[in-house]
Amino acid sequence: MIAKVGLDGHDRGAKVVARSLRDAGMDVVYTGLHRTPEEVVAAAVQEDVDVLGVSLLSGAHLTLIPRVVELMREAHAGDMLLVVGGVIPDEDVPVLTAMGAADVILQDTPPEAVARRVRELVAARQPR
Amino acid sequence: MFDPDAIERIRMMRRDWEANELSQFLLRQPESRSEYRTASGLPVERVYTPADIADTRFEEIGLPGGYPFTRGPYPTMYRGRLWTMRQIAGYGTGSDTNKRFRYLIGAGQTGLSVDFDMPTLMGYDSDDPKALGEVGREGVAVDTLDDVEALFEGIDLERISVSMTINPTAWILLAMYVALGEARGNDPNRLSGTCQTDILKEYVAQKEWIFPIRPSLRLVRDMIVYSAEHMARYNPINISGYHISEAGATSVQEVAFTMANAIAYVEEVTRAGVPVDRFAPRLAFYFIAQADFFEEVAKFRAARRTWAKLMKERFGATKAESMRLRFHCQTAAATLTKAQPMNNIVRTALQALSAVLGGAQSLHTNGLDEAYAIPSELAMKIALRTQQILADETRVTSVADPLGGSYYVEALTNRIEAEVAAILRKVDALGGTVKAIEEGYFQREIADSAYEQARRRASGAEPVIGVNKFVEPPQPGALEIHRVDPAVEARQIARLRAARAARDPARVAALLDRLAREAADPAVNLMPVTIELVKARASMGEIVARLREVWGQYVETPVF
């Protein structure tokens with residue numbers, strides 16, 4: 001699942017990634033814009049997704065991602081992988097991974113590299 | 001423009017050159033690519049001659065300041081008046097941004113441009129749960145008129161023009177601007193500036209919306225009609241291609257989709273009975289300057305010619321001012337890279353040069369730290385200095401439309417104009433702009449172009465220096481970036497609560513009731529009641545929430 005949380009309307013990257021993953025043979029759900037963390041996590045649980053990719057270009061990642069992580073924990077979605085993408089300052093990357101993001105994929109990452117990374121992350125996960 | 005015999009001689013000369021010099025040279029040294037195209041995908045010849053514009057009448061090119069305005073909206077262009085150097089700024093509270101404005105004015109900036117935070121853009125108060133983490137982050141937070149007063153404190157609004165980048169809540173900001181002017185004793189006919197207001201491109205590209213399309217268009221109409229009556233120097237809308245391009249559209253699509261939106265606005269206002277020449281002179285445009293230098297110059301020229309013809313032929317405008325396209329330009333943020341950020345200074349300078357050679361009236365040059373955060377003071381100063389160097393050192397301002405008459409630029413201008421016209425015919429065939437938006441036509445086209453471009457970048461077919469070519473290991477911490485003050489949210493919420501505590505609640509409630517009544521009648525102009533509301537210190541979130549009860553909310557079907 002590719003998700004946009006918060007009021008940020010930048011969806012170019014999220015849609016390119018969604019389409020690239022679909023073209024790479026994955027089942028992709030895109031949430032559309034302006035979702036709350038609650039809506040996104042509920043939808044991800046409902047769809048039983050392997051990977052939840054959250055895109056943020058607004059700078060609000062350090063407020064919104066902890067909420068997503070907390071909701072995933074509450075929903076016992078422990079084996080769902082959280083990947084964060086967008087405009088994220090380098091120094092925030094370790095902060096996000098320490099919170100529980102499986103990876104942070106930054107701008108200018110080629111679409112194929114995103115697909116490859118998603119496959120690696122899923123392959124490395126404990127079997128469900 | 002050319003004598004047919006001369007064209008025939010030129011064609012013969014070219015055939016001869018192709019058979020001799022060219023073919024022999026190609027045997028020794030083949031070209032680097034099998035085909036050459038513009039960034040929009042238009043085919044590009046090896047070299048251009050008068051034969052490529054043999055059918056172009058000089059009247060299509062014309063002279064600056066005259067129909068069809070291909071060469072610029074004014075006869076003297078930058079000799080008479082330079083473009084306005086308008087760096088956008090906005091963060092924190094009104095007084096935080098006021099400091100940045102004064103810094104930029106001190107550095108020689110000649111116009112102001114305000115960026116608002118996401119809650120303000122989307123109509124939520126700073127204490128709304130949806131605003132969490134976004135207050136004052138990507139722009140300045142505005143909840144009530146008090147914030148606009150702080151924003152412009154000590155700045156004479158009759159002497160500097162102010163542009164406000166705001167769309168679904170634009171009419172509230174315009175109301176606040178009017179109320180501020182009134183409180184200061186300004187003559188509304190002397191307030192100059194621009195409100196972006198272009199809601200249609202939000203549904204298409206930038207994706208900041210609140211209400212469904214029809215009531216949103218009505219708000220745009222109300223602003224255009226109000227300012228046509230009360231604000232002689234104000235541009236109530238900036239019909240914008242910038243965001244369409246940044247969302248992935250090609251330059252051809254940028255102009256075509258922007259024109260399609262402009263047509264919808266003109267139709268909306270004329271349907272209300274306002275003659276086109278009454279409001280069209282104050283319609284302003286906003287385009288991007290992308291990386292394909294000559295295509296961008298040709299794009300600006302083609303946009304001016306297209307608009308002039310649309311206004312004259314489609315809408316029957318008779319005043320030259322109604323046909324004269326004026327535009328603000330911003331260099332292309334999405335071309336700027338996180339890798340090797342100093343390279344962004346050079347990219348921005350070249351894009352800015354295309355805007356100037358293309359005849360822009362106002363320009364924002366992006367900061368080198370665009371891919372990191374909102375710009376630092378230093379990044380903005382370098383960007384402003386880039387414009388000042390163009391204006392004062394390069395002498396490109398001496399001649400109007402200096403690339404006019406270039407066989408290539410004229411041929412490309414013609415081609416872009418023709419491509420734009422073809423897209424506009426398609427939109428008409430789909431039933432018009434609003435119908436095309438509702439059916440996702442523009443959105444699909446933009447998503448396709450964005451995907452194509454991402455693939456070209458990934459394959460290296462579209463080189464991006466420092467990203468897919470001449471790559472270096474990253475240098476962490478190379479830039480000092482703007483940091484958001486973590487206390488800003490609490491400070492802003494305290495301001496909002498103080499404003500609410502000091503006002504007359506019965507008056508606000510009565511005005512909100514009047515707003516709801518008037519909103520239900522599409523014939524009423526909502527500007528007067530909104531001006532009363534902001535003066536009574538109603539907050540933006542309260543005004544929007546009340547209208548949401550009347551009009552509902554827009555729901556997008558996402559296309560990817």
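Key figures
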| read-out | value |
| --- | --- |
| Bins of 10 Å from zero: percent of alpha-carbon pairs in segment B:419-495 | 14, 20, 17, 23, 23, 2 |
| Projected label distance in nm at B:Asp485 and B:Arg314, using a 7 Å step from Cα toward the beta-carbon | 4.7 nm |
| Distance between modelled label sites at B:Val44 and B:Lys99, nm, 7 Å Cα→Cβ extension | 4.5 nm |
| Ranked order, B:Phe2, B:Phe58, B:Phe257 - accessible area, probe 1.4 Å, largest first | B:Phe58, B:Phe2, B:Phe257 |
| Whole-angstrom Cα spans of segment B:293-384 along principal axes, big to small | 50, 24, 18 |
| Peptide B:35-45, shielding by other chains (average Cβ, 10 Å cutoff) | 0 |
| B:Lys381 accessible area, assembled protein chains, probe 1.4 Å, Å² | 70 Å² |
| Estimated FRET transfer efficiency (B:Lys469, A:Arg73; beta-carbon r; R0 51 Å; 0.05) | 0.75 |
| Segment B:496-535 pair-distance distribution - Cα-Cα, 5 Å bins, rounded % | 5, 23, 29, 20, 12, 7, 3, 0 |
| Square roots of 5 times each gyration tensor eigenvalue, C-alpha, segment A:2-124, largest first, Å | 18, 17, 15 |
| Normalised convex hull volume, segment B:34-74, alpha-carbon set, Å³ per residue | 101 Å³ |
| Accessible solvent surface per residue of the protein assembly as shown, calculated while the other protein chains remain in place, 1.4 angstrom probe, Å² | 40 Å² |
| Total accessible surface hidden between A and B, rounded to 100 Å², 1.4 Å probe | 3100 Å² |
| For residues of A:13-20, the mean tally of beta carbons on other chains within 10 Å | 6 |
| For the protein assembly as shown, size of Cβ-based charge dipole, Lys and Arg +1, Asp and Glu -1, in debye | 1120 debye |
| Mean shadow area of segment B:147-276, taken as a quarter of the surface of its Cα convex hull (nm²) | 8.2 nm² |
| Shielding score for B:515-527, defined as the mean number of other chain Cβ atoms within 10 Å | 0 |
| Shielded residues, segment B:365-388 - accessible-area loss of 20 Å² or more between chain alone and all protein chains, probe 1.4 Å | B:Ala371, B:Tyr372 |
| FRET efficiency, B:Arg507 to A:Leu121 (Cβ-Cβ, R0 60 Å, nearest 0.05) | 0.55 |
| Given charges at Cβ of Lys, Arg, Asp, Glu: the protein assembly as shown dipole, positive-most of B:Gln443, B:Tyr203, B:Met77 | B:Met77 |
| Equivalent ellipsoid semi-axes - Cα gyration tensor, chain B, angstrom | 41, 27, 22 |
| Flagged links, alpha-carbon separation over 19 Å, of B:Lys201/B:Lys435; B:Lys207/B:Lys299; B:Lys338/B:Lys469; A:Lys15/B:Lys426; B:Lys130/B:Lys535; A:Lys4/B:Lys207 | B:Lys207/B:Lys299; A:Lys15/B:Lys426; B:Lys130/B:Lys535 |
| Within-14-Å neighbourhood charge of B:Arg86 [Cβ basis; K, R +1; D, E -1] | +2 |
| Burial of 40 Å² or greater, segment A:44-85 residues [accessible area, probe 1.4 Å, versus chain by itself] | A:Ser58, A:Thr63 |
| Debye intensity ratio I(q)/I(0), log10, segment B:462-553, q values 0.15, 0.25 Å⁻¹ (C-alpha model) | -0.69, -1.21 |
| Calculated P(r) tail over 14 Å for segment B:4-53, as whole % of Cα pairs | 64 percent |
| Apportionment of accessible area to carbon and sulfur, the protein assembly as shown, percent (1.4 Å) | 53 percent |
| Cβ-based net charge around A:Gly32, under 9 Å, with every Lys or Arg adding one and every Asp or Glu removing one | 0 |
| Whole-number percent relative contact order across segment B:62-459, with pairs defined as alpha carbons under 8 Å at least 6 apart | 18 percent |
| Dimensions (Å) - the protein assembly as shown, Cα atoms, principal axes, largest first | 80, 68, 49 |
| Which of A:Thr97, A:Val17, A:Val45, positive extreme of dipole for segment A:2-124 (C-beta unit charges) | A:Val17 |
| Surface/4 of the Cα convex hull for segment B:236-330, nm² | 5.6 nm² |
| Förster radius 35 Å - calculated FRET efficiency between B:Thr76 and B:Arg233, Cβ distance, rounded to 0.05 | 0.95 |
| Descending semi-axes in Å of segment B:1-154, equivalent ellipsoid built from Cα gyration tensor | 55, 23, 15 |
| Rg over Rh, two decimals, segment B:355-473 (C-alpha only, Kirkwood Rh) | 1.05 |
| Options B:Thr93, B:Ser126, B:Gly108, ranked by Cα towards positive dipole end of segment B:74-135, top entry (Cβ charges) | B:Gly108 |
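The values are calculated or read from the model by the stated rules, or taken from the named source; none is laboratory data. From a predicted model like this one, the values you see are computed outputs, not experimental measurements. Note that each Cβ is placed from the backbone with ideal geometry, even for glycine, and that neighbours are counted across all protein chains shown. What goes into the accessible areas is simple: the full protein's heavy atoms, side chains included, and nothing from ligands, DNA or RNA. Shrake-Rupley method; radii C 1.70, N 1.55, O 1.52, S 1.80 Å.
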